[in-house]
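Following: one structure in structure tokens, then a few remarks.
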Amino acid sequence: MKGGVAPVRGMNDVLPDRTPIWQRLENIVRETLRGYGYAEIRLPILERTELFERSIGAVTDIVEKEMYTFADRGGDSLSLRPEATAGLVRAGISNGLLHNQRRRLWCAGPMFRHERPQKGRYRQFHQIDVEALGYPGPDIDAELILLGERLWRQLGLDGLALEINSLGTPAARAAYRARLIAWLEARRDALDDDSRRRMDTNPLRILDSKAPGVRELVAEAPAITDHLDAESAAHFASLRATLDGAGVAYTVNPRLVRGLDYYTGTVFEWTTDRLGAQGAVCSGGRYDGLVAQLGGRPTPAIGWAMGLERLVDLLAAAGFEGIDERPHAYVVSHGERARRAALLLAERLRDALPGLRLHVHCGDGSLKTQLRCADRSGAMWALVIGEQEVDAQQAGVKPLRSDGAQQSVGWADLAARLRELISP
């Protein structure tokens, strides 16, 4: 890039040809969440590094390798958030939102991980995060999955596959962990270096290894669903019964363990085969111990996060139409008095017609050039104002998408006429 400042690798600009898709996607998600009773919370991008070390796990890849961490001028270690759940729980504790209360919350915004950039995986990426805190039963697990399934339908997306699993209670998980380690130790020579390293830190992550040889090996490993405690088994059975009753297709995947240490009980993931290697679109699960782990009272909780870049790629490939940003009308003018009058008239029209998308041509240009710009804008109508129109307090209303004749409309009647023209 000659003469300019290059963008940071893995941190991408979202250009105007894509933002309408983002806007419509965000609007649909916002309205759907409002319909389920989830309230928005807005969180800081920076948190104390300790928050993620205590929640995600100090020996996870995210904390060890991927976080953007630095010391501020006061000497505190701060990190750009790599995910939102920990910050949302911290906010709930800090602001007293969880004291004898149940909360349905959601947030949105950028997350940061220093990973190798590739399609669908970036160093700055955006998520919508949905969390329910204070609900212990499988009904809220089912609601969050049904909410996701409704979103896919409203967005017109098909081909998404749901996988679910249960990690059980911490005690059951610890017992399974010991059994898994013993099984893996007997096959240590068949593991890759990364899996051997995880044997001592986070052996469950070996189950979702992407290395082909390891994947074939762990396919024969003991399944965590065969070693659940009675409470977790009943919880998982109830969730499955609800999903069956709702007609939601899913696969039980006992190798689905998720990458964060705080997960307990139900975990799930929506995936697609249309994005190459980065197939996960929406992932989540229970984290019943996290609130207490971060200093709050014991509080059951569950949530999911949805990657917006991946969804936008899916929607664009499916022909999803974004927010319509084309102007309803485009104002052209010729003459100094007409140029000033056009700006003032446009303000009056915007006052009279909230939601009117009205572009005013600014800068030089002949009337012919301005009308070409109006046509390229996608507007249905051009409003033409010259010196004669100023004297007569009129505007020419010229159709741009049909062969109809230009009409003269008085300024006092122009808002009503535009309302007629742009009404569906």
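Every number in this text was worked out from the coordinates using simple rules, so none of it is lab data. Source: prediction; values computed, not measured. Note that we place each Cβ from the backbone using ideal geometry, even for glycine, and neighbour counts take in every protein chain shown.
Which residues does a label at Arg350 reach in segment 307-344, if reach means a backbone N under 11 Å from a point 7 Å past the Cα toward the Cβ? Output list for this probe position: 343-344.
Largest GNM mean-square fluctuation across Asp413, Asp324, Asp61, computed for the chain with C-alpha springs under 10 Å, falls on Asp413. Pair-distance distribution P(r) for the chain, from all Cα-Cα distances in 10 Å bins starting at 0: 4, 18, 23, 20, 13, 10, 7, 3, 1, 0 percent. Taking 14 Å as the cut-off, the amide N atoms of segment 33-49 that come nearer than this to a point 7 Å along the Cα-to-beta-carbon line of Ser94 belong to 41-49. Label-to-label distance for Ala292 and Tyr36 is 2.6 nm, based on points extended 7 Å past Cα in the beta-carbon direction.
Within the chain, the longest run free of GluC sites (Glu not before Pro) that sit in a DSSP loop with at most 14 other Cβ atoms within 10 Å is 1-219.
When both segment 337-404 and segment 97-115 are represented by their alpha-carbon centers, they are found 46 Å apart.
Build a GNM of the chain with springs between Cα atoms under 10 Å: which of Gly245, Gly265, Gly295 gets the top mean-square fluctuation? In this elastic network of the chain, the residue with the biggest mean-square fluctuation among Gly245, Gly265, Gly295 is Gly245. Would you mind ranking Ser166, Ser77 so that the residue whose beta carbon has the fewest other beta carbons within 10 Å leads the list? Ranked by crowding around the Cβ, least crowded first: Ser77, Ser166.
Once the chain from Lys65 to Ala246 is taken as fully extended at 0.36 nm per residue, the excess over their C-alpha distance is 61.1 nm. As a proxy for reagent exposure, Leu290, Leu353 were ordered by neighbouring Cβ count within 10 angstrom, fewest first; the result is Leu353, Leu290.
Can you compute the helix-only [θ] at 222 nm over the chain? Use -39500 (n - 2.57) per DSSP H run of at least 4 residues, normalise by all residues, nearest 500 deg cm²/dmol.
That calculation yields -11000 deg cm²/dmol at 222 nm.
Between Ser94, Ser333, Ser402, the residue with the greatest mean-square fluctuation in the GNM of the chain (Cα pairs under 10 Å linked by springs) is Ser402. Distant-in-sequence amide contacts of Leu400, defined by a placed amide H-H separation under 5 Å and a gap of 5 or more residues or a different chain, comprise Trp381, Ala382.
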